[in-house]
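Following: one structure in structure tokens, then a few remarks.
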């Protein structure tokens, strides 16, 4: 019948293992830590959402200005040229973002 005892020296001597002994976390401290982690995660989600909305608004405004500059009858050839360049850059960046995310 095998012994239920574990030889800690044998475990500590293995090069692929690391043996540490830590005291157990107090339940009140654990609950407090978990609440703080949940609050930080919720804050990070809100921050990421706000940044994504801001980026979308900026891109949509830039797209709108480019299209308006291209379609407007009184715009000069130079205005159309920078609008097409900016429009191409935005579309290229969006395609790169979409294809980069799908390959991961």
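Values in this text are rule-based calculations from the coordinates and carry no lab data. For clarity, every value in this text was computed on a predicted model and none was experimentally measured. Backbone-built Cβ (ideal geometry, glycine too); neighbour counts: all protein chains shown.
Does residue 96 meet the test of being without any contact (Cβ under 8 Å) to a residue 24 or more places away in the chain, within 24 Å of the chain's Cα centre (by Cα), loosely packed, with under 10 Cβ neighbours inside 10 Å and on the phi < 0 side of the Ramachandran plot?
Working: without any contact (Cβ under 8 Å) to a residue 24 or more places away in the chain: yes; within 24 Å of the chain's Cα centre (by Cα): yes; loosely packed, with under 10 Cβ neighbours inside 10 Å: no; on the phi < 0 side of the Ramachandran plot: yes.
In short, no.
Yes/no per residue for (1) in a loop (DSSP other than H, G, I, E, B); (2) surrounded by 10 or more Cβ atoms within 10 Å (Cβ to Cβ); (3) under 34 Å from the mean Cα position of the chain (by Cα):
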{"site": "43", "(1), (2), (3)": "no, yes, yes"}
{"site": "49", "(1), (2), (3)": "no, yes, yes"}
{"site": "53", "(1), (2), (3)": "no, yes, yes"}
{"site": "58", "(1), (2), (3)": "no, yes, yes"}
{"site": "62", "(1), (2), (3)": "no, yes, yes"}
{"site": "67", "(1), (2), (3)": "no, yes, yes"}
{"site": "75", "(1), (2), (3)": "yes, yes, no"}
{"site": "80", "(1), (2), (3)": "no, yes, no"}
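Is it the case that residue 86 is in contact with a helix residue (DSSP H, G or I) (Cβ under 8 Å, 6 or more places away or on another chain) and either in contact (Cβ under 8 Å) with a residue 40 or more places away in the chain or part of a helix (DSSP H, G or I) (or both)? Steps first, answer last, please.
Working: in contact with a helix residue (DSSP H, G or I) (Cβ under 8 Å, 6 or more places away or on another chain): yes; either in contact (Cβ under 8 Å) with a residue 40 or more places away in the chain or part of a helix (DSSP H, G or I) (or both): yes.
Yes: the conditions hold for residue 86.
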